[in-house]
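The values are calculated or read from the model by the stated rules, or taken from the named source; none is laboratory data. Source: prediction; values computed, not measured. Heads up, the Cβs are rebuilt from the backbone with ideal geometry, glycines too, and the neighbour counts pull from every protein chain shown. Side chains included, ligands, DNA and RNA excluded: accessible areas come from the protein's heavy atoms. Shrake-Rupley method; radii C 1.70, N 1.55, O 1.52, S 1.80 Å.
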Amino acid sequence: MSIHDQIVGLIRQQDPEAASIIQAEADRQASTIELIASENHASTAVMHAMGTCLTNKYAEGYPGRRYYGGCEHHDAIERLAQDRAKQMFGCAYANVQPHSGAQANAAVFMALMEPGATFASLVLADGGHLSHGLPINFSGHYYKPVHYPLVRDEKNADFERIDYDAVRAVCLEHKPAMLLCGYSAYPRTIDFARFRAIADEVGALLMADVAHISGLIVGGQHPSPFPHAHVVTTTTHKSLRGPRGGLILTNDEEISKKVDRALFPGMQGGPLMHVIASKAVAFGEALKPEYKSYQTQIVANAKALAGALVEHGYRITSGGTDNHLMLVDLTSKDPQGADGTLTGKAAEKWLENAGLICNKNGIPGDQRKPMVTSGIRLGTPATTTRGFKEAEMKVVASFIDRVLSAGLAGEDELSRVTEQVRGEVRDLCAKFPMPGH
Ligand code: PLP
């Protein structure tokens, strides 16, 4: 019996209702293909480190200076996570306590900017995260965001890539306290050195939110934000393949002190010590040689998926991908263009019914609302964990095309093809079991 079955069996003895829901989710994950770029399948050790007695403890403060007794082993596990985080990124200071990526960003803002200060980030609809200046988020509510765009000129070789001239112009005009790079839906390599040169020119701090690409960075598949960024934030659950959580890194002692204070007691109370234990386990995995092969395969798989979709007639924004994700422009397939039926919302639902899980996503300059969109975002960290290689990614591209083409052909065709593809997805999934099963 797998560890998963044993654990759900134990829960079932006490709470059959909760156990059934957990099992249903396990079955969903096992029988569908996960293409959401920000998700992954954590290893058995990473998952179950979270299900340990470390959840029972209050450990407010930091190792060696806690506000509660009995923290000896919590100090040890937090130091282990910190040391491994520093080793992964080759930097001097790590705070492993943020409960999430958004919390990590909030703590950095609180540590390094006065309320009302100006910061520069990417136009959110072009691929930024809500914690980079959405008006109703803390970042837009308590600070003043100014935004730089992607290149919008189709004739420019850098179409839909970061417009570094615009970054500089926005910074020269607004003199932000902080310049933010790192995104949620950007498929290309980020030039951290170029960002740092602009930050230095205007006297701003450079913050890199590498939530999406942190696994690639650790695995050597994307340049490191160090030594360029003053401060780096990331989630731990996306390409990095740890538990859900956040992480803050820096080489600057003063910044690290301010960040520690801003996170606790500024932002959070007790750290989630069971999650910190799991972060330590995940970081240990990331330091193993096979992690580099995993990250290399993620990028190879993304290129294979993007290339195969192009062959099926889809436009990929910016013409392709350098990392783990891509944005598929659905208007390239729907002859009716912006008024057509193939929206991101429709595609997400049709694909889900066939067992292909992804999310609708705006494309740069999207005319449709965020709950509708003209694109879908696809990523390869989860399928790569499962063992998919380039050949399987081509099969996935053909599944996607069959479903979306059927959707355009009408309801009868969609339901016929959905059933057919759903069966083929189940068969493929059965050949690539989930970690721990
Ligand atoms: N930063 C970026 C670039 C992200 O893409 C995300 C999440 O998608 C976050 C921060 C926020 O992470 P969390 O959902 O853990 O708060």
(message) Taking the solvent-accessible surface of protein heavy atoms with a 1.4 Å probe, what is the per residue accessible area of the range 53-286 in Å²?
(response) 39
(message) Please report the antiparallel percentage of DSSP beta bridges with both residues in the chain, rounded to the nearest 5.
(response) 55
(request) Sticking with the crude label model, points 7 Å out along Cα→Cβ, report the distance from residue 10 to residue 65 in nm, one decimal please. (result) 3.7
(message) Which order do you get for 411, 160, 290 if you rank them by accessible area with a 1.4 Å probe, largest at the top?
(response) 411, 290, 160
(request) Using packing as a proxy for protection, rank 255-268, 177-190 so that the peptide with the highest average count of other Cβ atoms within 10 Å comes first. (result) 177-190, 255-268
(request) Note down the nm distance, to one decimal, between modelled labels 7 Å out along Cα→Cβ at residue 28 and at residue 58. (result) 3.5
(message) At R0 = 35 Å, how high is the FRET efficiency between residue 73 and residue 165 if r is their beta carbon distance? Nearest 0.05 is fine.
(response) 0.10
(request) Could you grab the relative contact order for the chain? Cα pairs under 8 Å, six or more apart, rounded to a whole percent. (result) 22
(message) Explain nothing, just compute: Karplus ³J(HN,Hα) = 6.51 cos²θ - 1.76 cosθ + 1.60, θ = phi - 60°, for every residue of the range 279-296 in order, whole Hz, x for Gly and Pro.
(response) 4, 4, 5, 5, 5, x, 5, 5, 8, 7, x, 5, 5, 4, 5, 4, 5, 4
(request) Please list the non-local residues whose amide H lies under 5 Å from the amide H of residue 206, H modeled 1.01 Å from N, same-chain partners needing a gap of 5 or more. (result) 179, 230, 231
(message) About the Cα centre, and with charges only on the beta carbon of Lys, Arg (+1) and Asp, Glu (-1), how big is the dipole of the range 301-426? Nearest 20 debye, please.
(response) 320
(message) At 1.4 Å probe size, what's the solvent-accessible area of residue 3? Round to the nearest 10 Å².
(response) 80
(message) So if each residue of separation counts as 0.36 nm, and I subtract the Cα-Cα distance between residue 92 and residue 3, what length gain in nm does that give?
(response) 28.4 nm
(message) Starting from 0.36 nm per residue, how many nanometres of slack lie between residue 312 and residue 391 once their C-alpha separation is accounted for?
(response) 26.9 nm
(message) Give me the dipole magnitude in Debye, nearest 20, for the chain about the Cα centre, with unit charges on the beta carbon: positive for Lys and Arg, negative for Asp and Glu.
(response) 560
(request) State whether the range 1-87 is rounded, prolate or oblate according to the following rule on the C-alpha gyration tensor (a ≥ b ≥ c being the square roots of its eigenvalues): a/c under 1.5 gives rounded; otherwise a/b larger than b/c gives prolate, and the remaining case gives oblate. (result) oblate
(message) If you roll a 1.4 angstrom probe over the protein chains with everything in place, what fraction of the accessible area of the chain belongs to carbon and sulfur, to the nearest %?
(response) 53
(message) Once you order the gyration tensor axes a ≥ b ≥ c over the Cα atoms, which shape class does the chain get: rounded for a/c under 1.5, otherwise prolate or oblate by comparing a/b with b/c?
(response) oblate
(request) Would you please state which residues of the range 310-354 a label at residue 415 would reach in this model, taking the label point 7 Å out along Cα→Cβ and a backbone N cut-off of under 18 Å? (result) 349-354
(message) Given points 7 Å out from each Cα along the Cα-Cβ axis, report the residue 253 to residue 369 separation in nanometres with one decimal.
(response) 5.4
(message) What whole-number distance in Å separates the alpha-carbon centres of the range 376-437 and the range 133-147?
(response) 38
(request) Calculate, for the range 289-431, the solvent-accessible area per residue in square angstrom, rolling a 1.4 angstrom probe over the heavy atoms of the protein chains. (result) 41
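Tell me whether the range 41-169 comes out rounded, prolate or oblate; compute the Cα gyration tensor, take square roots of the eigenvalues as a ≥ b ≥ c, and use a/c under 1.5 as the rounded threshold.
prolate
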(request) For the range 66-77, take each phi angle, set θ = phi - 60°, evaluate the Karplus expression 6.51 cos²θ - 1.76 cosθ + 1.60, and give the result in whole Hz per residue in order, putting x for glycine and proline. (result) 9, 9, 9, x, x, 9, 3, 6, 6, 4, 5, 6
(request) Have a look at 58, 354, 370 and report the one farthest towards the positive end of the charge dipole of the chain, computed about the Cα centre with Cβ charges (Lys/Arg +1, Asp/Glu -1). (result) 58
(request) May I ask you to list the residues of the range 97-131 whose amide nitrogen lies under 16 Å from a point 7 Å from Cα along the Cα→beta-carbon direction of residue 261? (result) 107-115
(request) Would you give the gap between the C-alpha center of the range 223-259 and the C-alpha center of the range 93-126, rounded to a whole Å? (result) 11
(message) Using protein chains only and a probe of 1.4 angstrom, how many square angstrom of residue 369 are accessible, to the nearest 10?
(response) 150
(request) Please sort 416-428, 99-111, 375-387 by packing, taking for each peptide the average over its residues of neighbouring beta carbons within 10 angstrom, highest first. (result) 375-387, 99-111, 416-428
